[in-house]
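The next block holds one structure in the form of structure tokens; read it before the comments.
Please treat every number below as a calculation from the coordinates, not as lab data. A quick note: this is a predicted structure, and the numbers were derived from the prediction, not measured. Glycine also receives a Cβ, built like all others from the backbone with ideal geometry; neighbour counts cover every protein chain displayed.
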């Protein structure tokens with residue numbers, strides 16, 4: 001992979017990291033404890049609030065997982081190992097990295113994992 005492509009993917013990863021971190025900040029209020037006082041909130045509203053909280057918690061978990069993947073990819077950029085499959089060590093197709101720059105597996109190895 002040439003230096004121009006490497007810098008392009010690094011920029012994509014940094015942008016994705018920044019977007020994920022911003023989303024995490026905005027979501028903090030969504031995962032706060034739900035008030036279960038039935039006198040102030042009806043039963044259906046409480047159920048809706050609990051469901052919304054559960055969905056927000058899962059979305060937060062997924063964003064944290066994506067942040068870990070992006071951080072790993074940025075560490076690989078820094079070490080000079082970005083763009084190579086972590087299983088077979090072959091070069092990952094740049095078209096795959098265009099779609100998901102945090103990919104650490106080539107297509108054949110990723111198909112074996114799933």
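Gyration tensor analysis over the Cα atoms of the chain returns equivalent ellipsoid semi-axes of 40, 15, 9 Å (largest first, whole Å).
So how tilted is helix 3-27 from the main axis of the chain? Cα-based, degrees 0 to 90, rounded to 10. Relative to the chain, helix 3-27 is tipped by roughly 10 degrees. The modelled label-to-label distance for the pair residue 98/residue 72, using points 7 Å beyond Cα in the direction of Cβ, is 2.5 nm. Only Cα pairs under 8 Å and 6+ residues apart enter the sum, and on that basis the relative contact order of the chain stands at 27 percent.
The stretch between residue 51 and residue 4, if pulled fully straight at 0.36 nm per residue, gains 12.4 nm over its current Cα-Cα span.
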